[in-house]
Amino acid sequence: MAPKTSVWSLRRGCVVGALFVMAASTLTAAPAAAGSVNARMPSATGLPPALEGGLRPLTGWAFKYAATITQTLTAGRYARGVKATLLVEHPPIPAGATLDHSLAEIAAFDPSIPGTLIEAGWMSEAASQGPTPRLFVAYWVRGQQVACFVPLCVVGGGWVQTASPAIQPGGRVAALRTGSRVRLEWRQSNRRWWLLVNGKRVGYYPDSLWQGQFTHIYTAEVFGEVLYRSGECIQMGNGKWPWRRGAASISDVAFIGGPSVSLRRRFVSPGYGLRLTGANSFRYGGPGC
């Protein structure tokens, strides 16, 4: 099956080929490029998808989460980035599914600029959608998402690739072998948001995408997510409940140039679970039904 190349844009009060409706905001968003998918929208607070009830999903689809959030830095304190170690899993996705997925990610943002954040993680989709699990990245500008879920979207999608195609977002990355641990890191440097995979710079989003306004982070979310149609059942993580041995995990969450992280439970959907195992680590997942 050919890679997905649909562009799902948003308009105030209506849906234009999108899964969700969300009011537009005042800052002009960068245009979505071929291969981008605006399938997940944060609420007006700038928090990652659906956690604030700011979304109205179309009939027949469901997003589910097991999410943690760091403390919010205040009193002039901020961080230059965030990093975490994710255990890579490969939960099965129904054959032929086009949007269904299961993923884990880190998302960094500045709550003072609603709907503005950057994401990176691993994603498992149906085999018909290409190699999986794959690396993905996404950026948001005032509620408009441009995401790289397939290799095509790195062209013109705001993302600047600097490493070899062997570790390109939207593609299978050797470091993302099922059962391995991958270190993902967002780091602000020289007016760029760099993504590092196991300590190696892969590429970046230039600050110009946000008109130079998004240069620090004050909080981050780290979570598992699934999307599926009604009647389906998709595993999060590796399908194990977080209190069982061998459950999916995320560890060593840390700010770059900031204080020590203190995670707390943010949101857990029915059918899944989350268990904090330390100040900066947790296990998550479940069968979903």
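Of the residues in segment 262-286, how many are crowded, with 17+ Cβ neighbours inside 10 Å and either under 18 Å from the mean Cα position of the chain (by Cα) or part of a loop (DSSP other than H, G, I, E, B) (or both)? Walk me through it before giving the result.
Taking segment 262-286 and keeping what is crowded, with 17+ Cβ neighbours inside 10 Å, we get 263, 266-269, 271-275, 280-286.
Pick out the ones that are also either under 18 Å from the mean Cα position of the chain (by Cα) or part of a loop (DSSP other than H, G, I, E, B) (or both) and you get 263, 266-269, 271-272, 274, 280-285.
Residues in segment 262-286 being crowded, with 17+ Cβ neighbours inside 10 Å and either under 18 Å from the mean Cα position of the chain (by Cα) or part of a loop (DSSP other than H, G, I, E, B) (or both): 14 in total.
Out of Thr215, Thr178, report the one residue that is over 27 Å from Pro287 (Cα atoms) and either among the charged types (D, E, K, R) or part of a loop (DSSP other than H, G, I, E, B) (or both).
It is Thr215.
Working only within segment 181-199, note down all residues that are within 18 Å of Ser249 (Cβ to Cβ) and outside any strand (DSSP E or B).
Correct list: Asn198 only.
Residues in segment 69-102 that are closer than 22 Å to Trp194 by Cα, surrounded by fewer than 23 Cβ atoms within 10 Å (Cβ to Cβ) and of a type in the set (A, V, I, L, M, F, W, C): how many?
The initial filter retains those residues of segment 69-102 that are closer than 22 Å to Trp194 by Cα, namely 69-70, 72-73, 77-88.
Applying the additional criterion that residues be surrounded by fewer than 23 Cβ atoms within 10 Å (Cβ to Cβ) yields 69, 72-73, 77-78, 80, 83, 85, 87-88.
Add one more test, that the residue is of a type in the set (A, V, I, L, M, F, W, C), and what stays is 69, 73, 87-88.
Residues flagged as closer than 22 Å to Trp194 by Cα, surrounded by fewer than 23 Cβ atoms within 10 Å (Cβ to Cβ) and of a type in the set (A, V, I, L, M, F, W, C) within segment 69-102 amount to 4.
Out of the residues in segment 230-289 that are modelled with pLDDT under 95 and aliphatic (A, V, I, L, M), state the one that is farthest from Ala95 (Cα to Cα).
Out of the qualifying residues, it is Val268.
Could you list, in sequence order, the residues of segment 235-261 that are surrounded by fewer than 17 Cβ atoms within 10 Å (Cβ to Cβ) and out of contact with any Ser or Thr (no Cβ under 7 Å at 6 or more places or on another chain)?
Trp241, Trp243, Arg244, Arg245, Gly246, Gly257, Pro259, Ser260, listed by residue number.
Give the residue that is nearest to Arg183 (Cα to Cα), with candidates limited to residues of segment 118-131 that are out of contact with any Phe, Trp or Tyr (no Cβ under 9 Å at 6 or more places or on another chain) and at pLDDT 80 or above.
Among those that are out of contact with any Phe, Trp or Tyr (no Cβ under 9 Å at 6 or more places or on another chain) and at pLDDT 80 or above, it is Ser124.
Given the criterion at pLDDT 95 or above and under 28 Å from Ala79 (Cα atoms), identify the matching residue among Gln188, Gln168, Gln161.
Unique residue meeting the criteria: Gln188.
Which ones in segment 218-234 are outside any loop (DSSP other than H, G, I, E, B) and either buried (at least 21 other Cβ atoms within 10 Å of the Cβ) or of a type in the set (Val, Ile, Thr) (or both)? Give the derivation first.
The first filter runs over segment 218-234 and keeps only residues outside any loop (DSSP other than H, G, I, E, B), leaving 219-229.
Hits for segment 218-234 are Thr219, Ala220, Glu221, Val222, Phe223, Gly224, Glu225, Val226, Leu227, Tyr228.
Take segment 96-117 and flag every residue that is within 15 Å of the chain's Cα centre (by Cα) and at pLDDT 85 or above.
Within segment 96-117, Asp100, His101, Ser102, Leu103, Ala104, Glu105, Ile106, Ala107, Ala108, Phe109, Thr116, Leu117 meet the criteria.
The values are calculated or read from the model by the stated rules, or taken from the named source; none is laboratory data. Here the structure is a predicted model, which is why all the values come from computation and not from measurement. Heads up, the Cβs are rebuilt from the backbone with ideal geometry, glycines too, and the neighbour counts pull from every protein chain shown.
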